[in-house]
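Step one of this worksheet: look at the structure below.
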Amino acid sequence: MRIVFMGTPDFAVPTLEALVHAAHDVLCVYTQPPRKAGRGKKLQPTPVHEAAERLGIEVRHPASLKSQEEKDAFAALEADVGVVAAYGLILPQAVLDAPEHGCLNVHASILPRWRGAAPIQRAILAGDPGMGVTIMQMEAGLDTGPMLATVRTPIERKTAGDLTKELAQKGAQLMVGTLRDLAIHIPVEQDDSEATHAPKIDKAEARLDWTQDATQVERQVRAFTPWPGAFFEYDGDRVKVLAAEVADGSGEPGTVLDDALTVACGSGALRLTRVQRAGKPAMDTADFQRGRAIPQGAVLS
């Protein structure tokens, strides 16, 4: 098929690569514009931009698709279908309608649960037992279009980073299979009454709340790994928690109960197993405690 691909982060790259490997004709790749990053504040192309250049595909990165000029440029590609994976820009109706088969989206949840920008993190925080990917026919609403295919996976103790990588691969293969069988797929309308929303993550949410049950605090750690990184503050330092496990113990929330950095929560306790001070390398707690140790009895903010 003649395809226009639209995506931005690492999550979208496997889908682009899978389309190429399946011998589809990817006419053009749309992605968000390069942004300044790193210490030198140099313009950094998106992961999809870099992948498209490596594959020899034309890249376009308009700041918006709302102008008539951009709409006309998109329509001029005469695509059979648009494939979208975490693009991050709103598609005007004219763009959604331009390809013969419209635009299909790779969404990282089992719709209608977790419509929106951060479905993986929200699912972990909510304690959902499983997650998945939905291939959806796009329409004007936010992740409201009819569903063509789904695939599921258990969450278990996976971090957001783990799930993102897994679902990126599953979504890529699901999209290839959906396009192969597009003529026989029957779209299924979503039940809006079952919809939940997954708003964008605010960095402030990553501050660990020791007043919560230990199980919920552990979910915070997994939901915000690798970004933005769950954290607490102690003695003027911000410390990220990269891994943790629920443990026995009780006390005033935020109190360090032993030398292994077991911290009392609102109910139960959490043992921090991998941590990182700002500007320092990540390390296991035993190594961390051999340096500037946080002593038993300390209270973490």
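The values are calculated or read from the model by the stated rules, or taken from the named source; none is laboratory data. Remember, it's a predicted structure, so these values are computed and weren't measured experimentally. Methodologically, a virtual Cβ is constructed for each residue, glycine included, from the backbone with ideal geometry; neighbour enumeration extends over all protein chains shown. Ligands, DNA and RNA are excluded from the accessible area calculation, which covers all protein heavy atoms including side chains. Shrake-Rupley method; radii C 1.70, N 1.55, O 1.52, S 1.80 Å.
Of the strands (runs of 3 or more DSSP E) lying entirely inside region 9-103, those carrying at least 3 residues that are within 27 Å of VAL133 (Cβ to Cβ) are 25-30, 81-85. All conditions but one from (1) farther than 22 Å from ASP191 by Cα; (2) surrounded by 18 or more Cβ atoms within 10 Å (Cβ to Cβ); (3) in contact with a strand residue (DSSP E or B) (Cβ under 8 Å, 6 or more places away or on another chain); (4) not charged (D, E, K, R) apply to HIS101; the one that does not is (2). When ALA149 is tested against (1) free of Cβ contacts under 8 Å to residues at least 40 places away in the same chain; (2) outside any loop (DSSP other than H, G, I, E, B); (3) open to solvent by 40 Å² or more (accessible area, probe 1.4 Å), exactly one condition is not met: (3). When residues in region 264-301 are screened for being open to solvent by 70 Å² or more (accessible area, probe 1.4 Å) and either touching a Phe, Trp or Tyr at 6+ places or on another chain (Cβ under 6 Å) or in a strand (DSSP E or B) (or both), 4 of them pass.
Entry remark, region 121-146: residues being surrounded by 16 or more Cβ atoms within 10 Å (Cβ to Cβ) and assigned to a strand (DSSP E or B) number 7 in total.
Return the residues of region 248-263 that are part of a strand (DSSP E or B) and in contact with an Asp or Glu (Cβ under 9 Å, 6 or more places away or on another chain); say none if nothing qualifies. I'd like the intermediate steps shown before the answer.
Restricting attention to region 248-263, the residues satisfying the condition of being part of a strand (DSSP E or B) are 255-256, 262-263.
Residue satisfying the conditions is THR262 alone.
The rows are residues; the columns are (1) over 30 Å from LEU111 (Cα atoms); (2) crowded, with 19+ Cβ neighbours inside 10 Å.
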site: LEU167; (1), (2): no, yes
site: GLY177; (1), (2): no, no
site: ARG180; (1), (2): no, no
site: ILE184; (1), (2): no, no
site: ALA198; (1), (2): no, yes
site: TYR234; (1), (2): yes, no
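Taking the criterion of being within 18 Å of MET6 (Cα to Cα) and not small (Gly, Ala, Ser), the residues of region 102-140 that qualify are CYS103, LEU104, ASN105, VAL106, HIS107, VAL133, THR134, ILE135, MET136, GLN137, MET138, GLU139. Evaluation of PRO33 against the conditions (1) more than 18 Å from LEU89 (Cβ to Cβ); (2) in contact with a His (Cβ under 8 Å, 6 or more places away or on another chain) shows that the sole unmet condition is (1).
Residue pairs whose Cβ atoms lie under 8 Å apart, separated by 6 or more positions or on different chains, with the first residue in region 166-184 and farther than 13 Å from LEU19 by Cβ and in contact (Cβ under 8 Å) with a residue 24 or more places away in the chain and the second assigned to a helix (DSSP H, G or I) and aromatic (Phe, Trp, Tyr), are LEU167/PHE11; ALA168/PHE11.
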